[in-house]
1. Note the angle between two axes, namely the Cα long axis of helix 59-70 and the longest principal axis of the Cα atoms of the chain, as a number of degrees from 0 to 90, rounded to the nearest 10.
2. Helix 162-173: angle to the longest alpha-carbon principal axis of the chain, degrees 0 to 90, nearest 10?
3. If you average the C-alpha positions of region 192-218 and of region 1-80 separately, how far apart do those two centres end up, in angstrom?
4. How many percent of the accessible area of the chain is carbon or sulfur, using a 1.4 Å probe?
5. Quick check on the chain: helices-only [θ] at 222 nm, where DSSP H runs of length 4 and up contribute -39,500 (n - 2.57) each and the sum goes over total residues. Nearest 500, please.
6. Can you list the aspartates and glutamates whose alpha carbon is less than 18 Å from that of Lys58, not counting same-chain residues fewer than 8 positions off?
7. Exactly which GluC sites (Glu not before Pro) in region 34-123 are in a DSSP loop and have at most 16 other Cβ atoms within 10 Å?
8. If I take R0 = 35 Å and measure r between the Cβ atoms of Glu199 and Asp13 in this structure, what FRET efficiency does the formula 1/(1 + (r/R0)^6) give, to the nearest 0.05?
Amino acid sequence: MLYVVGTPIGNLDDISYRAINTLKSVDVIIAENPDHTRKLLSHFEIKNQVVRFHQQTKPEGRKAIVNRLVAGEDMALVTDAGTPGVSDPGGHLVSDARDAGVEISVIPGPSAVTAILSVCGIPTDTYMFVGFLPKKKGRMTLMDELANLDIPIVIFESPMRVAKTCQELAQKLGQNRRLIIGRELTKIHEEIVDTTLAEAAQHYTDNKPKGEFVLVIASH
């Protein structure tokens with residue numbers, strides 16, 4: 001069995017009992033960054049074996065994990081924060097495991113996407129999630145496509161690029177386009193800001209941003 005396990009996006013208390021019990025019961029935990037995941041495991045006194053699986057893992061590495069699953073080991077797939085398979089390579093492993101006849105089970109948990117949408121105060125019956133924007137190739141093309149949408153758009157961004165991203169989005173989607181920012185969600189310095197693309201671009205140009213960002217661009 002391959003369990004896809006959602007883990008906290010910041011506050012460790014957000015983990016579910018079911019997730020803890022699953023992580024304790026499996027033979028192996030598959031982690032994007034084992035050093036990061038071991039902090040979570042140590043907090044809950046979980047001492048299972050941890051193996052690495054990330055964006056750079058080659059096909060033969062995925063095959064080795066799948067072979068262990070096929071041989072009868074139970075494994076849990078986790079990402080650094082939140083739900084595996086969302087803006088991380090977990091989907092490739094799930095696909096390979098399913099093709100090999102491995103049973104898949106989901107242990108749902110925290111998600112930065114639904115967390116920020118729940119506090120936006122805007123209609124979110126329909127929205128577009130694009131994850132991290134491309135750094136170079138296809139970046140402007142995607143922004144042009146986003147400019148034609150009239151539904152909320154959810155974007156992940158790092159502190160190093162958030163000012164540039166807001167500036168470019170303001171140019172493409174409109175300086176006064178409403179923007180709801182979630183920074184360091186569930187953590188000590190959590191911040192939720194209702195602003196505009198232009199104001200955010202200026203603010204993060206003048207003030208060095210810290211933490212991880214989730215951006216929600218409101219519809220027109």
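1. Helix 59-70 sits roughly 50 degrees off the main axis of the chain.
2. With rounding to tens, the tilt is 60 degrees.
3. 33 Å
4. On the way: 5630 of 11610 Å².
So the carbon and sulfur contribution to the accessible surface is 48 percent.
5. Values: 8 runs with 79 residues, N = 220.
The helix contribution divided over the chain gives -10500 deg cm²/dmol.
6. Leaving aside aspartates and glutamates fewer than 8 places away in the same chain, those within reach of Lys58 are Glu32, Asp88, Asp96, Asp99.
7. Working: sites: Glu45, Glu60, Glu73, Glu103; in loops: Glu45, Glu73, Glu103.
For GluC sites (Glu not before Pro) across region 34-123 that sit outside H, G, I, E and B with at most 16 neighbouring Cβ atoms in 10 Å, the list reads Glu45, Glu73, Glu103.
8. On the way: r = 33 Å, r/R0 = 0.94.
Calculated transfer efficiency: 0.60.
The values are calculated or read from the model by the stated rules, or taken from the named source; none is laboratory data. Being a predicted model, the structure only gives us computed values, none of them experimental. Using ideal geometry, Cβ is built from the backbone for each residue, glycine included, and neighbour counts are taken over all protein chains shown. Accessible surface areas use protein heavy atoms only, side chains included; no ligands, DNA or RNA. Shrake-Rupley method; radii C 1.70, N 1.55, O 1.52, S 1.80 Å.
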